[in-house]
Amino acid sequence: QVQLVESGGGLVQPGGSLRLSCTASANISSADLMDWHRQAPGKQREFVARLTSSGWTDYLDSVKGRFAISRDNAKNTVYLHMSALKPEDTAVYSCLIYIASKYYWGQGTQVTVSS
């Protein structure tokens, strides 16, 4: 069993930046893929970013050029670097890791973009 804990969320003004962290209770160096997803109030959860074990990345169209996903195996942590934030980025952001043929979700961290 792998526990994931997200952090780094908060209130930020439009145009600002945040870095979200997702720290795993196990070694993530063998993870096949790592995702960030988000769910805004009243909306379905949506995919935001993916990083595979081979280093391939993919992003939701609306965040391309503004968000970047990365990992630090030594810290068992996946990051989501967010810049040029917009009010429509407001949501609970959760990480997902696929490792040893199982999916694990974190509990989420709130990001609010507002002036």
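The values are calculated or read from the model by the stated rules, or taken from the named source; none is laboratory data. This is a predicted model, so every value here is computed, not measured. Positions of Cβ are backbone-derived with ideal geometry, glycine not excepted, and every protein chain shown enters the neighbour counts. With ligands, DNA and RNA removed, areas are computed over all heavy atoms of the protein, side chains included. Shrake-Rupley method; radii C 1.70, N 1.55, O 1.52, S 1.80 Å.
Of all lysines in the structure, the ones whose alpha carbon falls short of 30 Å from that of Lys86, not counting any fewer than 8 places away in one chain, are Lys43, Lys64, Lys75.
Figure the gain on full extension for Ala40 and Lys102 (residue separation times 0.36 nm, minus the Cα-Cα span) and round it to one decimal in nm. Provide the component values of the computation, followed by the final result.
Working: separation 62, 0.36 × 62 = 22.32 nm, distance 2.56 nm.
Additional length available on full extension: 19.8 nm.
Work out the length of the dipole vector of the chain about its Cα centre, built from +1 on the beta-carbon of each Lys and Arg and -1 on the beta-carbon of each Asp and Glu, and round it to the nearest 20 debye. Display every interim value, and only then the final one.
On the way: 11 positive and 9 negative charges, 15 e Å.
Computed about the Cα centre, the dipole is about 80 debye.
With contacts taken as Cα pairs under 8 Å and at least 6 residues apart, segment 51-90 reaches a relative contact order of 30 percent. Over the chain, accessible surface divided per residue gives 52 Å², non-protein components excluded, 1.4 Å probe.
Need one number: % antiparallel among DSSP beta bridges in the chain, to the nearest 5.
On the way: 39 of 42 bridges.
Counting DSSP beta bridges with both partners in the chain, the antiparallel share is about 95 percent.
Pairs of Cα atoms nearer than 8 Å and 6+ residues apart set the relative contact order; for segment 1-112 it is 37 percent.
Taking Cα pairs under 8 Å and at least six residues apart, what relative contact order does segment 1-57 come out at, in percent? Don't skip to the end; give the middle numbers.
Numbers: 66 pairs, mean separation 14.7, N = 57.
Relative contact order here is 26 percent.
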